[in-house]
Structures are given as C-alpha cells and as structure tokens.
Amino acid sequence: MVNFGLEFINTTDRILQNVQEQGTTAAIIVSSVVLFYCDKAVSTTLHETGHGLRAKSYGIDYQLLLDDRDESPFKKDENFIKFFLGELLNTKRAACSVDTKQMEGLEKSLDKSSAYNGLIIFAAGGMNNEVQLAEKISDDIYSKKKKPGLFSYAMYLSNRLSPILYGYMAEKPGDDPFSIQYHFKQRGENNFKKETISNAGWISLLLSATTYSALTDKPLQFHGFRIPDIFPYITKRGMSYKAVSGYEVRDGLNLIFGLERAFKIEPATECSLGISHHMIDNKFPISYSGIVTFGQGFDFEASCSIPLSKSFSLGAGCEIYSVKSLQGQRNATTNMKESNGFSKNFFASVSYRF
C-alpha cells in the first residue's frame, strides 16, 4: 500500500508539473484543489487500512467506513482500492471498525499484558502507516538526487505533520491518541500521554534533512553520506525514533543505514543494513534493493524491477518480519498472537511508465 501511495504521488506530481508548465491560472487552481483531495484520500486510506491490517494480524476481520457515524451491522469489507476511490470525494470522517465478537474473543484468549499490547498496536496502526509513507517519500527523493516535486513534498509534510496533529486534535476518548494512552495506562505505564506523540512528531520533523530539501536543488549530503532523516513510530515499547541514512558509493549505488530506538518504557534497539542499486542499461531502468534489520528479531526486505519494454516493467519482492521486532509490530500480517514467529509476504507487480 505504501508503494501504491508513492507511485500515485509520483504520477500526480508529473501531471501537476505539466499543468503548471503549460496550463492557465484556472487550470493551476483546479489542479491544486485536485491535489488537496488526492492528498487527503491517500493519507486517509493508508491510515484506516493501517488500523485494519493490525487487527487482521491478530486474526480479526475489519471494515472500512467512509462515515464514522455509520452504525449499520458489521460487514467485512477490506477493499483498499474501493475505499480509496470513495475517499477521493468523501467529505465525512472515515473510520475502520472491527468484528467486536472476534475482538472480545481475542482479549479473553490472551493474558492482560498481551491483550493491551495488541490494542496499542491496533490503535497505532493508522499513524504508523502515514509515517511509513513519509519515510518512503523521503527515500524516493534521496534516490532521485533532485529537488522534490510539489506534490511529493506536500505529501511528505502532510504525513510528517500527522503525529503532531494527532496529539493536538484528539478531542474525545474514542480518538486514537486517547486509546493508546489508555491502553498504556492499563498496562501500568502512566508516562505515555497523547502529547508524547506530538512531541515526537516535532522532534523528528525538525531534525530530518528532507524537511529542508525544498530549499535546495537536491537532497542534503556530506561527502557522499546522506544527512539523516528521523521518523517517529508508536510501538508497544513506547515511542521509537528511526534514523535513516546511507552512503552513495557511485551514481545509482547506495548503501543503506538505519537505527531505530525506543528509549523510555521498554528500551529496545534495531539496526538496519542494506543496498540499493539503480542501473541504466540501454536507457531502461533496472533496479534492486535489499535490507536486513536485526536487534529484537530478524527482518528482511528485498525487491527487484526489470524492464519488459520501453513502457512496461516487472517487479517482484519479499518481506519477512519477526513478530518480536519493532518493524514487525507495524508490518507483520500474521502470527501476532504468538510470542515468536515470522510473517512472510511475497509480491509481484507490473508497472506502466509514461
């Protein structure tokens, strides 16, 4: 889904650029309005589906709703694309609901601490998905080695501001920050407040190089090293901060470094090492990447894209996450009820380039 968001952003960026170069003032105004609705649709769909997939990782069905006041009986509906298309013109507050009977059964089957951990992960899934999109956009801006497009940067800022607004705009007990705070308190942790999320958002936004990339002609580097970006995530161990950096060996070849640390409630550290290679062969892009994360568990991500013609390319990849890792908490799709184990996902794609 995050890759879908990134490709959608890049496509919209290109269209908007052409409108600005060739269009009239009216066309630019219309395209800006369209940009706003697209921004909202992508972020909202990722947010609500983020909640749903965290529930799904515990074996609980979910339903995506375009109106959070919809009180009709639960009906499983996990169609990401359908929800995204509906959200493009939706003016109501969206929501994700779960099968309450399954949720009650889960809570009874787990010990108290594990049950609250699951509820924290579920409530945090929305914001974590938005931050992951911001991280993906940042990586994309860095790999292109050029000033970010208007829509890319707008989406980067929108998703970076999400945790900040997340804490400030929560008004009622049912809102996610209150739920996360409540579940930590039930676990005996009284220091996690909704302001904890906002503060982490501010710190990570202001200390990230991509935030300032709109002021420069290309992403910030120092002798080939990528000036780090920092991303805040909500985990069952409290807030974590993930620093992402890298080193450009040569054009198209980058080493990837990452460090994620949860500091306060249950300190934990994870390190990431990887490689990203984008080659040019007969003017067709061939790329591959792989990254390994270790510390609390073992995670592995790899992908490859090869050209089929001038316009089409074929991609494939895999993702393996430990249910014990910080990354696994926000990405694992199965086995979250177990204390050990791995989630394995494989995917393939066909892309059209124009």
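The values are calculated or read from the model by the stated rules, or taken from the named source; none is laboratory data. Since the structure is predicted, the reported quantities are computational estimates derived from the model, not experimental observations. Here the Cβ positions follow ideal geometry from the backbone for every residue, glycine too, while neighbour counts run over all protein chains shown. The area values use the complete protein model at the heavy-atom level, side chains included, leaving out ligands, DNA and RNA. Shrake-Rupley method; radii C 1.70, N 1.55, O 1.52, S 1.80 Å.
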Residues (closer than 18 Å to Phe347 by Cβ, open to solvent by less than 30 Å² (accessible area, probe 1.4 Å) and touching a Phe, Trp or Tyr at 6+ places or on another chain (Cβ under 8 Å)) located in the range 1-40: none
Inspect all residues belonging to the range 219-229 and state whether any of them is assigned to a strand (DSSP E or B), open to solvent by 20 Å² or more (accessible area, probe 1.4 Å) and under 20 Å from Tyr321 (Cα atoms). no
Contact list please: Cβ distance under 7 Å, first residue in the range 83-109 and closer than 14 Å to Glu48 by Cβ, second residue assigned to a loop (DSSP other than H, G, I, E, B) and of a type in the set (Phe, Trp, Tyr), pairs at least six apart or on different chains. Ser97/Phe74
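Residues in the range 248-274 that are more than 20 Å from the chain's Cα centre (by Cα) and within 23 Å of Lys146 (Cβ to Cβ): how many?
8
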Restricting to the range 153-169, what's the tally of residues that are within 17 Å of Ser31 (Cβ to Cβ) and either touching a Leu at 6+ places or on another chain (Cβ under 6 Å) or buried (at least 23 other Cβ atoms within 10 Å of the Cβ) (or both)? 1
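Is it the case that some residue within the range 108-128 is assigned to a helix (DSSP H, G or I), of a type in the set (A, V, I, L, M), modelled with pLDDT under 90 and under 23 Å from Val323 (Cα atoms)? Outline the logic, then answer.
Looking only at the range 108-128, we keep the residues that are assigned to a helix (DSSP H, G or I), and these are 108-109, 112-128.
Filter again for of a type in the set (A, V, I, L, M), leaving 115, 119-121, 123-124, 127.
Then keep just the ones that are modelled with pLDDT under 90; that gives 115.
Narrowing further to those that are under 23 Å from Val323 (Cα atoms): 115.
There is at least one residue in the range 108-128 that is assigned to a helix (DSSP H, G or I), of a type in the set (A, V, I, L, M), modelled with pLDDT under 90 and under 23 Å from Val323 (Cα atoms).
Can you go through Ser97, Ser43, Ser72 and tell me which one is part of a loop (DSSP other than H, G, I, E, B) and either open to solvent by 20 Å² or more (accessible area, probe 1.4 Å) or at negative phi (or both)?
Values: Ser97 fails: part of a loop (DSSP other than H, G, I, E, B); Ser43 fails: part of a loop (DSSP other than H, G, I, E, B).
That would be Ser72, the only listed residue that is part of a loop (DSSP other than H, G, I, E, B) and either open to solvent by 20 Å² or more (accessible area, probe 1.4 Å) or at negative phi (or both).
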Selected residue (criterion: nearest to Ile137 (Cα to Cα)) from residues of the range 160-183 that are at pLDDT 85 or above and among the hydrophobic types (A, V, I, L, M, F, W, C): Leu161
Would you be able to tell me the number of residues in the range 302-354 that are open to solvent by 20 Å² or more (accessible area, probe 1.4 Å), under 24 Å from Glu48 (Cβ atoms) and within 17 Å of the chain's Cα centre (by Cα)? 4
Would you call Thr210 surrounded by fewer than 21 Cβ atoms within 10 Å (Cβ to Cβ) and either touching a Cys at 6+ places or on another chain (Cβ under 8 Å) or touching a residue at least 60 places away in the same chain (Cβ under 8 Å) (or both)? no
